[in-house]
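The values are calculated or read from the model by the stated rules, or taken from the named source; none is laboratory data. Quick caveat: nothing in here was measured; it's all calculated off a predicted structure. In this analysis, Cβ positions are derived from the backbone assuming ideal geometry, glycine residues included, and neighbour counts consider all displayed protein chains. Protein only, heavy atoms only, side chains kept; ligands, DNA and RNA dropped before computing areas. Shrake-Rupley method; radii C 1.70, N 1.55, O 1.52, S 1.80 Å.
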Amino acid sequence: MPGPYGAADPHRHATLLAAADRLELAGRAAEARDLLAAELAADRAGAADRALLRGRLGVGYGHDHPAAALTYLGLARAGVPPEHRAWSRAAEAWIAARVGHPDADGLLRAAGRARAAHPTPAAAARLTLARAARALATGAVPTARDLLAAVDPHHPAVRGEAVAVRLDRIEVQLALGGYEDAAAALDAAYSDLPAVAWPALTAWSCRRLLAAGALPEADARARLALDRPAVPLGVEARAALVAVRVEVAYRSGWPDRARALLADARPARCWPDRIPCASLGLAAAGDPEPARHRDLLRAVVADLARTARPLLAVAQYGPRLTHALLLLGDARRARVVADRLAEVAGRTPVPLWSGLAGHADGLVRRDPEALRAAVRALRRAGARPALADALLDLARSPRVRLPEARAAAREAAAVYGRTGATGDQETAERWDRHLDATRRRPATRPPGHGPAALTAREAGIADLLAAGATKQQVAGRLHLSFHTVDTHVRAVYAKLGVRSRLQLARLWDAARPVSAPPDASPSAAPRSSRGAGRASRR
């Protein structure tokens, strides 16, 4: 029988951990976890060795299954030897910070005390990773950058933390909009890091291309990595690569392909294991029919309340999610996302985040001046898809004069074309043709009239009606009574000056209802309440 401290066969324990190290470095993380789990199940070790095995298993699950990771590391707390306690506590704090666990700050303090009691270079590096992860969760990207800059990943004593440090530095560069710096860091990392890092490097490379506006290349690399992976893909890397393909499919005008990819992905349903899959929910926001993904989008918003980290990966994610929620008539959640983006912009004062936060705020408040400021900031950021999205939303704003709207629509179409977003380019060109057919765009309308006067609920109902839904179907989808929907429809028709669903469909742009322009034709003049009542019964 082994002794209480697991000293019966120390050689076997060391050999086992070395074998797990070799498997992980070769990119065979699942096999390494299976090896450690089998040894735990055999129950041949003492309490200290069992605690070390649990700690190693916890870190192995960290990226893909944070719930299991936190469970193993929590079980390891009591038995881990004092000389390893600081590293184990720091690893637990790192995973908790990554997923926005409510105990993350307390775990960070406990890890700091453990490191002060038993300082080691590896524990110090892991604690720095945890603190940087916590900074990223709150949107303080410069703080994370400064923390990670203090760690030398080439130092022999922190060899085990080198992959995580290099990957987090790349994430920080992308979050700051440093796409060229990130490209150089990725090239160097491919040469220096072992196979275990390749899936994550490929995912970050594809995200960089997506955010910078090289969509065809991003899609090609992601497809190759998914179809013929050099090493097995983990949950987080696979979700990120699928999300890249989904985003490109939506922007290329292929929603059915994007929906099929999402259906096959099957992201986790519960927090915290939902966090590694958050990119899928953010990519789903690009669907022109966001009601198909209502639950997924709501889950993403709930997770963003815990951690801003998923928003940092691809610049355009935040405003697109805001827009999707407004299409659903969910102004409250749209405001939550816009506020989260504003928090990131406050802690990361760079043009990229100023523009993204301004774009989302302009959408929620229907404020063209906020959209203009967002466009000005994003011109300096290098995130071309995000710039094109802001331009198109500016063109759709009902309070923007025709010459400015047409110029914004044409520039958006040009930028979309350069990125390879052919579907978005066609949408922008179609909007430009619509503006041309309008001939004039009134600068003023009586207060209380036009799309800008609709409430968020009325805008959501108008979108469903324009898409062909009946009032009974609208009531079922939004969980409202028929009488309530009928009252809203009367208000929508009166504000838009239409008398039937056909007129509404002609006026309403199904893709961006919150910013559809008022109809300038004489037939669109406001009707009397009596006429609006007759229209609501059609």
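Structure notes:
- Computed from backbone phi, the HN-Hα couplings of the range 453-469 come to 7, 6, 6, 4, 5, 5, 5, x, 5, 4, 4, 5, 5, 5, 7, x, 6 Hz, rounded to whole numbers (Karplus: 6.51 cos²θ - 1.76 cosθ + 1.60, θ = phi - 60°; Gly and Pro given as x).
- Karplus-derived 3J(HN,Hα) values for the range 174-179, using 6.51 cos²θ - 1.76 cosθ + 1.60 with θ = phi - 60°, are 5, 5, 8, x, x, 5 Hz; glycine and proline are entered as x.
- In this label model, ASP21 and ARG376 are separated by 5.6 nm, measuring between points 7 Å along each Cα→Cβ vector.
- Solvent exposure of the range 448-499 as accessible area per residue, Å², 1.4 Å probe: 40
- Taking the charge dipole of the chain about its Cα centre, with +1 at Lys and Arg Cβ atoms and -1 at Asp and Glu Cβ atoms, the residue from LEU311, THR484, LEU352 reaching farthest to the positive side is THR484.
- When the P(r) of the range 56-103 is calculated, the portion above 14 Å amounts to 42% of the C-alpha pairs.
- Entry comment: accessible area of the range 202-327 is 35 Å² per residue, from protein heavy atoms only and a probe of 1.4 Å.
- Semi-axis lengths (Å, descending) of the ellipsoid that matches the C-alpha gyration tensor of the chain: 50, 23, 19
- As a fraction of the 1.4 Å probe accessible area of the chain, surface on carbon and sulfur atoms comes out at 53 percent.
- Residue order by solvent-accessible surface for SER481, SER88 is SER481, SER88, largest first, with ligands and nucleic acids left out and a 1.4 Å probe.
- Taking all protein chains together and rolling a 1.4 Å probe, TYR190 ends up with roughly 90 Å² accessible.
- The range 41-166 - percent relative contact order, Cα under 8 Å, separation 6 or more: 19
- More than 26 angstrom apart: percent of Cα pairs within the range 54-203: 21
- With all pairs of different C-alpha atoms in the average, the Kirkwood value for the hydrodynamic radius of the range 391-500 is 15.6 Å.
- For the pair ALA30 and ASP181, label points projected 7 Å from Cα toward Cβ lie 3.7 nm apart.
- With DNA, RNA and ligands ignored, accessible area of VAL242 (1.4 Å probe; Å², nearest 10): 20
- HIS483, HIS293, HIS488, ranked by accessible area, largest first (probe 1.4 Å): HIS483, HIS488, HIS293
- Rounded to whole Hz, the Karplus (6.51, -1.76, 1.60) HN-Hα couplings of the range 320-328, x for glycine and proline: 5, 5, 4, 5, 4, 5, 5, 4, 7
- Annotation for ASP192 and ASP339: the two label points, set 7 Å from Cα along the Cα-Cβ direction, are 4.1 nm apart.
- Taking 0.36 nm per residue of separation and subtracting the current Cα-Cα distance, fully stretching the chain between LEU502 and ARG113 would add 133.2 nm.
- q = 0.23, 0.27 Å⁻¹: log10 I(q)/I(0) that the Debye formula gives for the range 12-59, counting C-alpha atoms only: -0.75, -1.02
- Pairwise centroid distance, computed over Cα atoms, of the range 138-216 with the range 447-485, Å: 45
- Quotient of C-alpha Rg and 2.2 N^0.38 Å, computed over the range 41-121: 1.03
- Accessible surface of ASP105, taken over heavy atoms with a 1.4 Å probe and every protein chain present, rounds to 60 Å².
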